[in-house]
Amino acid sequence: MKIYFRISTLVLLVLFLSEGFAQSNSEFTPGAIWNDNNGVHINAHGGGVMLFKGRYYWFGEHKIEGEKGNTAQVGVHCYSSKDLYNWKDEGIALKVSDDLSSDIAKGSIIERPKVVYNKRTKKFVMWFHLELLGEEYKAARSGVAVADQIGGPYKFLKSYRPNPGLLPFYDQYTSADERLNCQAPATEVDGFFCRDISGGQMARDMTVFVDDDGKAYHLFASEENYTLHLAELSPDYLSHTGKFIRIHAGRQTEAPALFKRGGFYYMVGSGCTGWAPNAARWFKASSIWGPWTFMGNPCEGKGSNLTFGGQSTHVLPVAGKKDAFIFMADKWNPKNAIDGRYLWLPMVFENDQLKIRWKDSWDLSTFQ
Ligand code: GAL
């Protein structure tokens, strides 16, 4: 028994060291420093996590110290994990360019990168919000990069504003406030849409979602951040097909995250107050094309009016567990960007209502 115990401990230790971990985590502690295998605070802000061949990969914005860290000085960082608690540094997946004329020049703004795998082309596709060097947040473009290996290196392909020359897709369910008449825009926000038809629609905070049928969708804050657009991506995921809808027009939703549960589509987002936290909001739909029903604030308890100090970035389905979804949020520190923290909290579904409650610490056993 004693020998058995010692051997098993040794095996665990060897396994652990083979991943290079200095010390192991066995729970989530939202808002605390979260060290990687090298004992360094994870640097993957505004990120997303994807599962590939039994391993999770977390991609996010690499930040540096100070306010300069709010711009892209390094690129998109990748980490991997088997258990979601312990993350191994996989290095920089997409590097900024030293060529100052590049769209992704060092000092540009690269935010909210999301990676998806295309089963047809066997390529990994990364979309991100891009702002050109020296232009603050004016460009409002989508950037796309591609790789043969999940960890990269990702090759930057292009950046642009989606869906130039096009009107949204309407069906009988499209609500009146999502319909447009660019001859006489009904609201100022409709006017932003109409203004941008020629050059393409603005695209800032964003995510990418792959449905069960393999179709991918790009969801982004458009129209000066007043309206979300949900746009279909081409079969290779490298461009937009031109089919898109407007969601919650004029009501300023940012930081969108999209997931599917029991045949329904769910979306979580934030309001629009820059780096400062505000109340989260969620939406539900039975078709990806809507109608998307606004469901209010999913957070409950103390701090719920400010999303516990965080802002949504992704919803992570836990593999092998039914109804297990993790709400991933960033607690930004714009004065010292590298010190941004991560708030991961379990989602709870109660009578078809989505709830997110604060926990000082928790582990995956919280899911049945
Ligand atoms: C937030 C947005 C972040 C970043 C920031 C800049 O609203 O969610 O991704 O763009 O504004 O102020």
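Read-outs throughout are calculated quantities, based only on the coordinates presented, and are distinct from any laboratory measurement. What you are looking at is a predicted structure, and each value in this text was computed from that prediction instead of being measured. As a convention, Cβ positions derive from the backbone with ideal geometry for all residues, glycine included, and neighbour counts pool all protein chains shown.
Relative contact order (percent) for the chain, with alpha-carbon contacts under 8 angstrom and 6 or more residues of separation?
So the answer I get is 14 percent.
Which three semi-axes in whole Å describe the equivalent ellipsoid of the range 116-194, each the square root of 5 times a Cα gyration tensor eigenvalue, listed largest first?
Ellipsoid semi-axes (Å, largest first): 33, 19, 9.
So for the pair Tyr137, Thr241, with labels modelled 7 Å out along Cα→Cβ, what separation do we get in nm?
Here the modelled spin labels are 3.1 nm apart.
What size of dipole, in debye to the nearest 20, comes out for the chain about its Cα centre when the only charges are +1 on Lys and Arg C-beta atoms and -1 on Asp and Glu C-beta atoms?
860 debye
By how many nm would the segment from Ala176 to Lys335 grow when fully extended, if each residue of separation counts as 0.36 nm and the alpha-carbon distance is taken off? Spell out each step's value before the answer.
Numbers: separation 159, 0.36 × 159 = 57.24 nm, distance 4.16 nm.
Length difference between fully extended and current span is 53.1 nm.
Any idea what the relative contact order of the range 39-160 is, in percent, if you count C-alpha pairs under 8 Å spaced at least 6 apart?
Working: 304 pairs, mean separation 23.7, N = 122.
Worked out over the range 39-160, it gives 19 percent.
What net charge is computed for the residues neighbouring Gln201, neighbours being all others with C-beta under 9 Å from the C-beta of Gln201, Lys and Arg scored +1, Asp and Glu -1?
Net charge in that neighbourhood comes out at -1.
Among Thr241, Thr207, Thr253, Thr29, which comes first, second and so on when ranked by fewest other beta-carbon atoms within 10 Å? The partial results should precede the final answer.
On the way: Thr241 13, Thr207 27, Thr253 24, Thr29 17.
In order of increasing Cβ crowding within 10 Å: Thr241, Thr29, Thr253, Thr207.
Tell me which cysteines of the chain come out unpaired when the rule is another cysteine's Cβ under 4.7 Å.
Within the chain, the cysteines lacking a partner Cβ under 4.7 Å are Cys78, Cys272, Cys299.
Give me Ile109, Ile288 sorted ascending by neighbouring Cβ count inside 10 Å, so fewest comes first.
Ascending Cβ contact count within 10 Å gives the list Ile288, Ile109.
Give me Cys182, Cys78 ranked fewest to most by other Cβ atoms within 10 Å of their Cβ, as a rough exposure proxy.
Ordered by Cβ neighbours within 10 Å, fewest first: Cys182, Cys78.
In debye, nearest 20: dipole of the range 39-160 around its Cα centre with unit charges on the Cβ of K, R (+) and D, E (-)?
760 debye
Given the pairs Lys158/Lys355; Lys106/Lys322; Lys82/Lys138; Lys284/Lys331; Lys68/Lys215, which span a C-alpha to C-alpha distance of over 31 angstrom in this model?
Checking Cα-Cα distances, Lys158/Lys355; Lys106/Lys322; Lys82/Lys138; Lys68/Lys215 exceed 31 Å.
Taking the highest mean first, how do the peptides 305-314, 257-266 order by number of other beta carbon atoms within 10 angstrom per residue?
Result, highest mean Cβ count within 10 Å first: 305-314, 257-266.
With everything on Cα atoms, drop me the angle between helix 2-18 and the longest principal axis of the chain, reported from 0 to 90° to the nearest 10.
It works out to around 40 degrees.
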